[in-house]
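Computed from the coordinates by the stated procedures, all read-outs in this text should not be read as laboratory data. Source: prediction; values computed, not measured. So basically every Cβ, Gly included, is an ideal-geometry build from the backbone, and we count neighbours across all protein chains shown.
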Amino acid sequence: MEDATDSTHGCGNPSDPEGDRCSDSDFGPSVLGTKDYWEDAYQKELETFKDIGDVGEIWFGEESMSRVLRWMDKAKISENAAILDIGTGNGAFLVELAKHGYRNLTGIDYSAASIELVRNVLQAEDLTEVTVKEMDFLNCQGELKDFDVCIDKGTYDAISLNPHDTEKGKKLYVQALKDALKDKGFFAITSCNWTKEQLLDRFREGFEFVQALPTPSFQFGGKTGNNVTALIFKRVH
Ligand SMILES: C[S@@+](CC[C@H](N)C(=O)[O-])C[C@H]1O[C@@H](n2cnc3c(N)ncnc32)[C@H](O)[C@@H]1O
């Protein structure tokens, strides 16, 4: 995720094929880690949606949704599986999941404007069965549980950019995810700020690595890296 205030890091974090692990805090805080930023962004997207019906930004592009959907097909995730989209934004992924046949969908976001936008988008698509809630994932008071699949596209990235209590936020995220998933439930994360190695390290305890989904790679200085990392984990006790 590009840093809107300074570009110390952001999308394009190359994974290190030689195994040097980057520090878990090697990029600076950003406004993208604040609720005010997202509230403002989705308020604007909501107005645009009402004006011209444009849902706004698809983070990491359409392919970032397609690759997770392809994995769900291969993994034979049931159409009745309880699926949570963490930090759903404009709800575009919920719409794709519903169109793909998934029937038990929940999206949460801590931005009230995001949730209003999602409700408008779902209504326009006639997808009224999807549950959406304004909720801080880091403070969800045990309300989120028994999910078969949790999906994150850019939300852990945003939380990692919070200028305040970043380390605490990351730990709360892991705990909230553990609580939200059923035993053997899956976690599909798409990140542009963290490498595979860093995510494996963060989601080490209570999770088993399942697979990395192929993402476009680039070569620089004799090394190969990925702009986006997409990983699947399984919750284990
Ligand atoms: C980069 S956007 C991605 C949105 C969406 N997942 C997508 O792919 O379009 C990050 C999202 O995370 C949400 N978010 C950040 N921190 C959150 C938190 N603690 N609880 C719930 N949502 C959060 C933001 O409001 C924003 O919608």
statement: Under a Gaussian network model of the chain whose springs join Cα atoms within less than 10 Å, the largest fluctuation of GLY206, GLY142, GLY107 belongs to GLY142
query: What pairs in LYS145/LYS182; LYS35/LYS196; LYS76/LYS182; LYS35/LYS170; LYS153/LYS196 have C-alpha atoms more than 19 Å from each other?
result: LYS35/LYS196
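Please give the charge dipole size of segment 31-235, origin at the Cα centre, charges +1 on K and R Cβ atoms and -1 on D and E Cβ atoms. Round to the nearest 20 debye.
Numbers: 25 positive and 34 negative charges, 202 e Å.
Result for segment 31-235 is approximately 980 debye, rounded to the nearest 20.
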field: Most fluctuating residue given options SER78, SER191, SER111, as computed from a GNM of the chain linking Cα atoms under 10 Å
entry: SER78
field: 222 nm mean residue ellipticity, helices alone, for the chain (DSSP H n ≥ 4; -39,500 (n - 2.57); rounded to 500)
entry: -10500 deg cm²/dmol
Positive-end residue of PHE93, ASN80, SER64, charge dipole of segment 61-118 with Cβ unit charges: ASN80
- request: Would you grab the residues whose amide H sits under 5 Å from the one on PHE207? Only those 5+ places off in sequence or on another chain, please, with H modelled 1.01 Å from N.
  value: VAL236
message: Can you give the log10 of the normalised intensity I(q)/I(0) at q = 0.10, 0.21 Å⁻¹, computed with Debye over equal Cα scatterers of segment 88-212?
response: -0.32, -1.38
query: What is the log10 of I(q)/I(0) for the chain, computed with the Debye formula using one identical point scatterer on each Cα and no solvent, at q = 0.16 Å⁻¹?
result: -1.20
statement: Non-local residues with an amide H under 5 Å from the amide H of VAL132, with H modelled 1.01 Å from N and Pro and chain starts lacking one, are GLY107
Segment 139-215 versus segment 49-79: alpha-carbon centroid distance in Å: 18
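Which of ASP36, ASP136, ASP109 comes first, and how do the rest follow, when ranked by fewest Cβ neighbours within 10 Å? Before the final figure, lay out each step's value.
On the way: ASP36 9, ASP136 15, ASP109 27.
Ranking ASP36, ASP136, ASP109 by Cβ neighbours within 10 Å, fewest first, gives ASP36, ASP136, ASP109.
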- prompt: How much net charge surrounds GLY107 when only other residues with a Cβ under 11 Å from its Cβ are counted (Lys, Arg +1; Asp, Glu -1)?
  reply: -1
